[in-house]
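The next block holds one structure in the form of structure tokens; read it before the comments.
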Amino acid sequence: MKNADMKGIYSALLVSFDENGKVNEKGLREIIRHNIDKMKVDGLYVGGSTGENFMLSTEEKREIFRIAKDEAKDSIKLIAQVGSINVYESVALAQYATELGYDAISAVTPFYYKFTFQEIKDYYNTIINSVENRLIIYSIPALTGVNMSVAQFGELFENEKIIGVKFTAADFFLLERLRKAYPDHLIYAGFDEMMLPAAVCGIDGAIGSTFNVNGIRARQIYELAQAGKIEEALKIQHVTNDLISAILANGLYPTIKELLKLQGVDAGYCHRPMASADEGQKAVAKEIFDNYLG
Ligand code: NGF
């Protein structure tokens, strides 16, 4: 397969902010080190939903790309999510990430306005044709409202620099159809709680928020599924989903940040308007940690 170097388990990187919403560089570096040294991920997806990216200024996005590359260097793969409904911002960020040496860029489907498929295609070709790099489509219909068909993915893949998709959806029929139609394109699972069924469909890797704290189990599920050991993989998916259910019920990103703090990582605050964990959520996070991660 082309681009096989990009296969694997990627944490969707969390970002540590201070109380005023500024990037906490020391904390961000600690989160990156935790992912590399403890979670043993193959790569990081920088600037995604988990990075609270869509609440940030262009300068802050650049700062995060710079810090992540500086901390990780070439030890793991790095994907920069540059998508924005301002395509000129996306181009500038794609150019910056490419200059920094990112292994690939990714862009969320443009959202909020109901863009036509031709507009979406123009967006992706404009971004990737502005750089010497490769691009992974970020498809997350539940948050963007953008649903693309097998044929439309194929039209985007006509550009050889568009090498795959981060598939954050529960539509396993579509996932199977994409796998069959485009065996040479990368497909990453985006929902951590559905990694096993996605792995059975033949994904090339996964990108997830919960891997920041549960990366070891994520790899086990992926590798066991690839080895055909589905029952063993399912047992680990069950524990993983007990953990993910508890995290989701307590608030996704605030809880993952608290779980990192319980391991000595300065994961900081969430970026307003997203609220950080209150005392009740912190207490529940401690229980979650003791039950599943301690
Ligand atoms: O957080 C979301 C939003 N999805 C992530 C992941 O797809 C996000 C997923 O890991 C991501 O990769 C990014 O930061 O851009 C979920 O948090 C997890 O499966 C729990 O539902 O839906």
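Given the structure, is LEU259 away from the ligand (no atom under 11 Å from the Cβ), over 17 Å from the mean Cα position of the chain (by Cα) and open to solvent by 10 Å² or more (accessible area, probe 1.4 Å)? Reasoning before the result, please.
Working: away from the ligand (no atom under 11 Å from the Cβ): yes; over 17 Å from the mean Cα position of the chain (by Cα): yes; open to solvent by 10 Å² or more (accessible area, probe 1.4 Å): no.
Taking the combined requirement at face value, the residue does not satisfy it.
Would you confirm, using the coordinates I've provided, whether SER84 is within 16 Å of the ligand (Cβ to nearest atom), surrounded by 20 or more Cβ atoms within 10 Å (Cβ to Cβ) and outside any helix (DSSP H, G or I)? Don't jump to the end; show me each part of the working.
On the way: within 16 Å of the ligand (Cβ to nearest atom): yes; surrounded by 20 or more Cβ atoms within 10 Å (Cβ to Cβ): yes; outside any helix (DSSP H, G or I): yes.
Yes.
What do you reckon, is ILE236 without any contact (Cβ under 8 Å) to a residue 60 or more places away in the chain and either farther than 25 Å from VAL108 by Cβ or among the aromatic types (Phe, Trp, Tyr) (or both)?
On the way: without any contact (Cβ under 8 Å) to a residue 60 or more places away in the chain: yes; either farther than 25 Å from VAL108 by Cβ or among the aromatic types (Phe, Trp, Tyr) (or both): yes.
For ILE236, the condition - without any contact (Cβ under 8 Å) to a residue 60 or more places away in the chain and either farther than 25 Å from VAL108 by Cβ or among the aromatic types (Phe, Trp, Tyr) (or both) - is met.
Quick one: is ASN133 surrounded by fewer than 17 Cβ atoms within 10 Å (Cβ to Cβ) and not in a helix (DSSP H, G or I)? Talk me through it step by step, then tell me what you get.
Details: surrounded by fewer than 17 Cβ atoms within 10 Å (Cβ to Cβ): no; not in a helix (DSSP H, G or I): yes.
No, not satisfied.
Can you tell me which residues in the range 67-111 are within 26 Å of SER149 (Cα to Cα) and among the aliphatic types (A, V, I, L, M)?
If the condition is that a residue be within 26 Å of SER149 (Cα to Cα) and among the aliphatic types (A, V, I, L, M), then ILE79, ALA80, VAL82, ILE85, VAL87, VAL91, ALA94, ALA104, ILE105, ALA107, VAL108 are the ones that fit.
For a quick check of your reading of the model, give me the residue pairs whose first member lies in the range 145-174 and is under 24 Å from ASP103 (Cβ atoms), whose second is of a type in the set (Lys, Arg) and surrounded by 14 or more Cβ atoms within 10 Å (Cβ to Cβ), with beta-carbon atoms closer than 8 Å and at least 6 apart or on different chains.
LEU156/LYS121; LYS161/ARG134; ILE162/ARG134; ILE163/ARG134
Which of the following residues is at positive phi, within 13 Å of the ligand (Cβ to nearest atom) and either open to solvent by 30 Å² or more (accessible area, probe 1.4 Å) or not aromatic (Phe, Trp, Tyr) (or both): GLY47, GLY51, GLY101? Walk me through it before giving the result.
Values: GLY51 fails: at positive phi; GLY101 fails: within 13 Å of the ligand (Cβ to nearest atom).
Just one listed residue meets the conditions, GLY47.
If GLU71 satisfies all but one of (1) of a type in the set (D, E, K, R); (2) without any contact (Cβ under 8 Å) to a residue 40 or more places away in the chain; (3) part of a helix (DSSP H, G or I), what's the number of the condition it fails?
(2)
Which of the residues that make up the range 142-192 are surrounded by fewer than 16 Cβ atoms within 10 Å (Cβ to Cβ) and under 20 Å from the mean Cα position of the chain (by Cα)?
ALA142, LEU143, GLY145, ASN147, ALA170, ASP171, PHE172
Results for (1) over 18 Å from GLU258 (Cα atoms); (2) assigned to a loop (DSSP other than H, G, I, E, B); (3) in contact with a Lys or Arg (Cβ under 8 Å, 6 or more places away or on another chain); (4) open to solvent by 50 Å² or more (accessible area, probe 1.4 Å), shown as yes or no for each residue.
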site: LYS61; (1), (2), (3), (4): yes, no, no, no
site: ALA92; (1), (2), (3), (4): yes, no, no, no
site: TYR96; (1), (2), (3), (4): yes, no, yes, no
site: PRO110; (1), (2), (3), (4): yes, yes, no, no
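I'd like the full set of residues that are open to solvent by less than 50 Å² (accessible area, probe 1.4 Å) and either closer than 21 Å to ALA4 by Cβ or outside any helix (DSSP H, G or I) (or both), limited to the range 112-130.
Applying the first criterion (open to solvent by less than 50 Å² (accessible area, probe 1.4 Å)) to the range 112-130 yields 117, 120-121, 123-125, 127-128, 130.
ILE128, SER130 - these are the residues of the range 112-130 that are open to solvent by less than 50 Å² (accessible area, probe 1.4 Å) and either closer than 21 Å to ALA4 by Cβ or outside any helix (DSSP H, G or I) (or both).
Taking the range 7-22 as the search range and keeping residues that are surrounded by fewer than 17 Cβ atoms within 10 Å (Cβ to Cβ) and of a type in the set (D, E, K, R), which one is nearest to TYR138 (Cα to Cα)?
Restricting to residues being surrounded by fewer than 17 Cβ atoms within 10 Å (Cβ to Cβ) and of a type in the set (D, E, K, R), the top hit is LYS22.
Anything in the range 70-81 that is out of contact with any Asp or Glu (no Cβ under 8 Å at 6 or more places or on another chain) and within 16 Å of the ligand (Cβ to nearest atom)? List them, or say none. Full working, then the answer.
Step one: of the range 70-81, the residues out of contact with any Asp or Glu (no Cβ under 8 Å at 6 or more places or on another chain) are 70-75, 80-81.
Across the range 70-81, the qualifying residues are ALA80, GLN81.
Search the range 98-108 for residues being outside any strand (DSSP E or B) and closer than 16 Å to GLY51 by Cβ, and hand back the single one that is nearest to the chain's Cα centre (by Cα).
Going residue by residue through the range 98-108, those that are outside any strand (DSSP E or B) are 98-103.
Filter once more, keeping what is closer than 16 Å to GLY51 by Cβ: 100, 102.
Working: LEU100: 19, TYR102: 15 Å.
By that ranking, first place goes to TYR102.
Looking at the range 99-109, can you tell me whether even one residue there is out of contact with any His (no Cβ under 7 Å at 6 or more places or on another chain) and farther than 23 Å from ALA206 by Cα? It would help to see each step written out before you state the result.
Step one: of the range 99-109, the residues out of contact with any His (no Cβ under 7 Å at 6 or more places or on another chain) are 99-109.
Within this subset, residues satisfying the condition of being farther than 23 Å from ALA206 by Cα are 99-100.
Scanning the range 99-109 turns up at least one residue that is out of contact with any His (no Cβ under 7 Å at 6 or more places or on another chain) and farther than 23 Å from ALA206 by Cα.
Please go through the range 193-231 and give me each residue that is of a type in the set (A, V, I, L, M), away from the ligand (no atom under 13 Å from the Cβ), open to solvent by 40 Å² or more (accessible area, probe 1.4 Å) and in contact (Cβ under 8 Å) with a residue 12 or more places away in the chain, ordered by number.
VAL200, ILE216, ILE230
The values are calculated or read from the model by the stated rules, or taken from the named source; none is laboratory data. None of these values were measured; they are calculated from a predicted model. Note: ideal-geometry Cβ built from the backbone for every residue, glycine included; neighbour counts use all protein chains shown. Side chains included, ligands, DNA and RNA excluded: accessible areas come from the protein's heavy atoms. Shrake-Rupley method; radii C 1.70, N 1.55, O 1.52, S 1.80 Å.
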